[in-house]
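Read through the structure below, which is laid out as structure tokens, and then see the notes.
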Amino acid sequence: MAEQQEKLVEVENLVTYFPIFSGVLQKKTGEVKAVDDISFFIRKGETLGLVGESGCGKTTTGRSILKLEEPTSGSVIFDGKNLIEMEGEELRRMRSQMQLIFQDPFASLNPRMNVGDIIGEPLEVHNLAKGKELRDKVNDLLEKVGLAPEMAERYPHEFSGGQRQRIGIARALSASPSFIVCDEAVSALDVSIQGQIIKLLIKLREELNLTYLFISHDLSVVRHISDRVAVMYLGKIVEITTSDQIYSNPKHPYTISLLSAVPIPDPAVDRTRKRIMLKGDVPSPINPPSGCPFHTRCQMAVETCSSLDQKLRNMGEEHWVACDQV
Amino acid sequence: MEKVLEVKELRTNFYTDEGIVKAVNGLSYHINKGECVGLVGESGCGKSVSAMSVLRLIPYPPGVIEGGEINFKGRNILELSEEEIQEIRGNKISMIFQEPSTSLNPVLSIERQLTETLELHRGMTSKEAKTESVRLLELVGIPDAERRVKDYPHQFSGGMQQRVMIAIALSCSPDLIIADEPTTALDVTVQAQILELLADMRERLGTAVLIITHNLGVVARYVDRLHVMYAGSIVESGLTDEIYANPKHPYTIGLLKSVPRLDKPKTKDLDVIEGMPPNLARLPEGCPFSERCRFVMDQCREEKPVLEEVSEGHFRACFYDADKLN
């Protein structure tokens with residue numbers, strides 16, 4: 001079963017800080033602690049959902065794993081090799097294995113390139129195909145994502161948001177990766193189109209045996225597409241569990257309040273649910289609270305929460321929680 | 001019941017190089033005094049244009065309000081002079097937009113932005129206006145209002161900025177607030193807070209609220225009645241509970257099915273609406289939804305259905321047998 005499945009991605013104690021420079025001399029005066037010591041793994045063929053509010057560090061996590069941001073410390077083991085130590089040609093070759101699908105299909109496609117060139121570019125960069133072979137591959141990819149091969153000659157502005165996202169997916173698939181980071185891949189789309197893209201991502205995962213890290217702020221979507229879900233708050237993972245458990249048996253107070261805020265499209269059900277209103281705003285990641293980052297807004301907080309660092313604890317059945325009050 | 005706003009057969013066109021874009025195409029609805037009404041539809045369905053039409057804020061050229069009536073407290077807004085409409089805008093009808101950070105003036109303090117409206121529309125002295133602006137900020141739940149009123153927009157978080165927008169909207173005790181995607185740019189936890197606030201204001205001040213959104217889930221528990229819009233006109237309307245429990249238009253049914261739900265067991269596949277919304281410059285003959293509808297009949301392609309009552313207060317524009325839909 002899943003327990004024995006091989007791990008494709010293993011993230012250990014990953015830390016990514018961004019320095020802040022200010023003053024006339026542009027001296028380093030502080031750090032944005034975007035990702036602050038997180039560890040998790042993704043098995044082969046599995047989808048791990050990563051949820052959290054804006055600014056919690058979920059995008060930086062995705063980018064750090066692909067080494068698009070330089071992590072401050074920690075390691076990312078991909079298929080047995082540590083990416084953090086890799087450089088140059090070795091890293092470049094490794095990158096064809098990992099791709100990224102972006103949120104905004106209007107900003108992520110080069111408006112001056114036609115669709116065929118956009119999708120074919122990774123194949124050229126990684127020397128995987130050229131000439132007729134490349135064109136055939138592009139046509140094949142277009143069909144896979146539900147577009148007509150004739151569309152290869154057209155330019156991004158001729159397409160709607162949903163179609164552009166399909167082009168972005170085809171580009172991500174072209175180098176035959178095994179791992180894809182979907183960063184808010186459906187968030188900018190309309191409800192009816194969003195459903196179509198979710199369906200497509202699930203279909204492709206099964207056909208091509210892909211592994212996804214699915215980053216989103218939308219818990220309903222994340223739960224639908226993921227096998228397991230990790231919840232992030234202020235640069236830390238506070239809970240990881242299966243997508244069935246996350247709704248039926250959430251443990252961390254932050255997960256519970258986040259879930260309670262998600263609206264259910266049925267007034268009869270929604271009115272019976274109790275909303276846990278969080279006090280105040282998310283603290284700044286430049287100067288996060290000591291101890292558990294959530295203690296300033298937590299209803300269950302006790303005195304020790306502000307001093308003790310919370311580590312993820314195994315609660316059984318693949319359920320990990322970073323809170324000693326549960 | 002007294003009607004605050006009644007829109008009848010509204011048509012707004014945009015004259016573009018591509019042809020005439022019929023953004024609002026025969027739209028009719030009303031809002032009763034103190035009522036909270038939802039207008040739901042996907043991007044490009046004309047929901048925002050219809051709201052802008054109500055305040056005659058359509059840019060001309062290319063936009064023209066071609067016909068119909070907008071009756072506000074017994075007067076047709078479309079027949080008013082520029083001075084008369086100025087008297088209504090912001091004073092009797094206020095608007096809240098999606099992106100609070102772009103709606104607020106970044107170089108003016110919150111106090112200045114609030115007192116401006118109060119002095120202009122309510123004829124207050126500058127001292128009175130200052131006291132009133134602190135009271136308004138307290139009303140919308142901004143902590144430490146007395147000090148925060150001196151701050152500038154960038155010193156507030158997104159949720160707090162939207163609270164400031166609501167305070168400005170409330171400053172003239174309007175009869176109607178039009179909130180155009182008020183929570184779309186906000187995180188899910190903040191989203192719940194803002195909607196609670198709008199609902200609370202309506203309870204306490206008796207202001208009617210029109211919430212425009214693309215998200216059926218968000219408004220479920222807050223609105224009394226719901227209008228579902230597609231390609232410039234309303235396809236279904238009725239009491240909120242009735243629409244969610246018993247949708248009678250294939251588009252509404254499709255929308256409700258295409259979002260994954262947190263409270264339901266995970267389904268393997270989403271039941272999504274295929275295809276894309278029609279180009280408003282080239283609307284099909286007959287029903288605008290016919291190209292994507294799974295119940296489509298020959299009649300649908302020839303004739304445009306009009307809103308008809310299926311049960312008390314529940315209207316829909318569809319030819320297909322209402323009892324055979326679900």
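If the cut-off is 19 Å between C-alpha atoms, which aspartates and glutamates fall inside it for B:Lys264, apart from same-chain ones fewer than 8 positions away?
Here the aspartates and glutamates satisfying the reach criterion relative to B:Lys264 are A:Asp218, A:Asp227, A:Asp244, A:Asp266, A:Asp270, B:Asp241.
Helix-only mean residue ellipticity at 222 nm, chain A, DSSP H runs n ≥ 4 weighted -39,500 (n - 2.57), per residue, nearest 500. What is it?
Details: 10 runs with 98 residues, N = 326.
Computed ellipticity for chain A at 222 nm equals -9000 deg cm²/dmol.
For the range B:102-171, what number results from the quotient of the Cα radius of gyration and 2.2 N^0.38 Å? Display every interim value, and only then the final one.
Working: Rg = 10.7 Å, N = 70, 2.2 N^0.38 = 11.1 Å.
The range B:102-171 yields a ratio of 0.97.
Assign one of three labels to the protein assembly as shown, namely rounded, prolate or oblate, based on the Cα gyration tensor with a ≥ b ≥ c the square roots of its eigenvalues; rounded applies when a/c is under 1.5, prolate when it is not and a/b is larger than b/c, and oblate otherwise. Could the numbers behind the result be given before it?
Numbers: a/c = 1.71, a/b = 1.23, b/c = 1.39.
Here the protein assembly as shown falls in the oblate category.
For chain B, with a Gaussian network of springs between Cα atoms less than 10 Å apart, report the residue from B:Leu104, B:Leu57, B:Leu118 with the top mean-square fluctuation.
In this elastic network of chain B, the residue with the biggest mean-square fluctuation among B:Leu104, B:Leu57, B:Leu118 is B:Leu57.
Distance cut-off 25 Å, Cα to Cα: go down the list A:Lys279/B:Lys47; B:Lys47/B:Lys248; A:Lys44/A:Lys81; A:Lys7/B:Lys257; A:Lys44/A:Lys199; B:Lys22/B:Lys73 and report the pairs above it. Kindly include the intermediate steps, with their values, before the conclusion.
Working: A:Lys279/B:Lys47 33 Å; B:Lys47/B:Lys248 20 Å; A:Lys44/A:Lys81 15 Å; A:Lys7/B:Lys257 34 Å; A:Lys44/A:Lys199 20 Å; B:Lys22/B:Lys73 27 Å.
Pairs exceeding 25 Å: A:Lys279/B:Lys47; A:Lys7/B:Lys257; B:Lys22/B:Lys73.
Which angle from 0 to 90°, rounded to the nearest 10, does the C-alpha axis of helix B:110-122 make with the longest principal axis of chain B?
Computed tilt is about 80 degrees.
Residues with amide H under 5 Å of B:Leu39's amide H, sequence separation 5 or more or different chain, H placed in the peptide plane at 1.01 Å from N; which?
Counting only residues 5 or more places away or on other chains, the set is B:Ile211, B:Ile212, B:Thr213, B:His227.
Please turn the phi angles of the range A:58-73 into ³J(HN,Hα) values with the Karplus equation 6.51 cos²θ - 1.76 cosθ + 1.60 (θ = phi - 60°), one per residue in order, whole Hz, x for glycine and proline.
6, 5, 4, 4, x, 6, 5, 4, 7, 6, 7, 10, 7, x, 6, 7
Give me a comma-separated list of calculated 3J(HN,Hα) values for the range A:302-310, in order, Karplus coefficients 6.51, -1.76, 1.60 applied at θ = phi - 60°, integers in Hz, x for any Gly or Pro.
10, 4, 5, 4, 7, 10, 7, 6, 9
Give the angle, between 0 and 90 degrees and rounded to the nearest 10, that separates the Cα long axis of helix A:191-208 from the longest principal axis of the Cα atoms of chain A.
Helix A:191-208 sits roughly 70 degrees off the main axis of chain A.
Report the extension gain between A:Asn82 and A:Glu133 in nm, rounded to one decimal, defined as 0.36 nm multiplied by the number of residues separating them, less their alpha carbon distance. Walk me through the numbers on the way to the answer.
Details: separation 51, 0.36 × 51 = 18.36 nm, distance 3.28 nm.
Here the answer is 15.1 nm.
Towards the positive end of the charge dipole of chain B, with charges on Cβ (+1 Lys, Arg; -1 Asp, Glu), say which of B:Phe289, B:Leu198, B:Leu176 has the farthest Cα.
In chain B, that residue is B:Leu198.
Where is the GNM fluctuation largest for chain A (alpha-carbon springs, 10 angstrom cutoff): A:Leu234, A:Leu83, A:Leu173?
Checking each option, the largest mean-square fluctuation is seen for A:Leu83.
Which value results when the Cα radius of gyration for the range A:1-146 is divided by 2.2 N^0.38 Å? Write down the numbers at each step before the final one.
Numbers: Rg = 18.5 Å, N = 146, 2.2 N^0.38 = 14.6 Å.
Against the compact-globule rule of thumb, the ratio is 1.27.
Only helical DSSP H runs with n ≥ 4 go in: add -39500 (n - 2.57) per run for chain B, normalise by residue count and round the 222 nm mean residue ellipticity to 500 deg cm²/dmol. Could you put the intermediate results ahead of the total?
Details: 12 runs with 105 residues, N = 326.
Value at 222 nm, helices only, nearest 500: -9000 deg cm²/dmol.
Specify the inter-centroid distance of the range B:108-178 and the range A:5-26, based on alpha-carbon positions, in whole Å.
Taking the Cα centre of each part, the range B:108-178 and the range A:5-26 sit 40 Å apart.
Residues with amide H under 5 Å of A:Thr72's amide H, sequence separation 5 or more or different chain, H placed in the peptide plane at 1.01 Å from N; which?
Residues meeting the criterion, in which the H sits 1.01 Å from N, are A:Val15, A:Thr16, A:Tyr17.
Under 14 Å Cα-Cα from A:Lys130, which aspartates and glutamates qualify once same-chain neighbours fewer than 8 residues away are excluded?
Qualifying aspartates and glutamates at Cα under 14 Å: A:Asp117, A:Glu121.
Using the Cα centre of chain A as the reference point, and only Cβ charges (+1 on K/R, -1 on D/E), how large is the resulting charge dipole? Debye, rounded to the nearest 20. Each step should come with its number before you reach the end.
Values: 38 positive and 44 negative charges, 98 e Å.
Dipole about the Cα centre, nearest 20: 480 debye.
With labels modelled as points extended 7 Å from the Cα through the Cβ direction, what inter-label distance (nm, one decimal) is found for B:Leu108 paired with B:Asp17?
3.6
So if I place +1 on the C-beta of Lys and Arg and -1 on the C-beta of Asp and Glu, and nothing else carries charge, what would the dipole magnitude of the range B:102-171 be about its Cα centre? I want it in debye, nearest 20.
Details: 9 positive and 9 negative charges, 7 e Å.
Result for the range B:102-171 is approximately 40 debye, rounded to the nearest 20.
Which whole-Hz ³J(HN,Hα) couplings does the range B:220-226 yield from phi under the Karplus relation 6.51 cos²θ - 1.76 cosθ + 1.60, θ = phi - 60°, glycine and proline marked x?
With coefficients 6.51, -1.76 and 1.60, one gets 2, 8, 9, 9, 7, 10, 9 Hz.
About the Cα centre of chain B, how large is the charge dipole given +1 on each Lys and Arg Cβ and -1 on each Asp and Glu Cβ? Please answer in debye to the nearest 20. Don't jump to the answer; show the numbers that get you there.
On the way: 37 positive and 49 negative charges, 120 e Å.
In debye, rounded to 20, chain B gives about 580.
Tilt of helix A:131-144 relative to the longest C-alpha principal axis of chain A, in degrees (0 to 90, nearest 10)?
Roughly 50 degrees, rounded to the nearest 10.
Taking amide H positions as placed 1.01 Å from N in the peptide plane, with prolines and chain starts having none, which residues 5 or more places from A:Leu8, or on another chain, fall under 5 Å of its amide H?
Close amide H contacts, sequence-distant or interchain: A:Ile42, A:Arg43, A:Lys44.
Counting DSSP beta bridges in the protein assembly as shown, what percent are antiparallel, to the nearest 5? Each step should come with its number before you reach the end.
On the way: 62 of 99 bridges.
Percent antiparallel among DSSP bridges in the protein assembly as shown is about 65.
Where a number appears in this text, it was derived from the coordinates with a stated rule and is not lab data. Just so you know, these numbers come straight off a predicted model, no measurement behind them. Here Cβ is always computed from backbone atoms with ideal geometry, including for glycine, and neighbour counts include all displayed protein chains.
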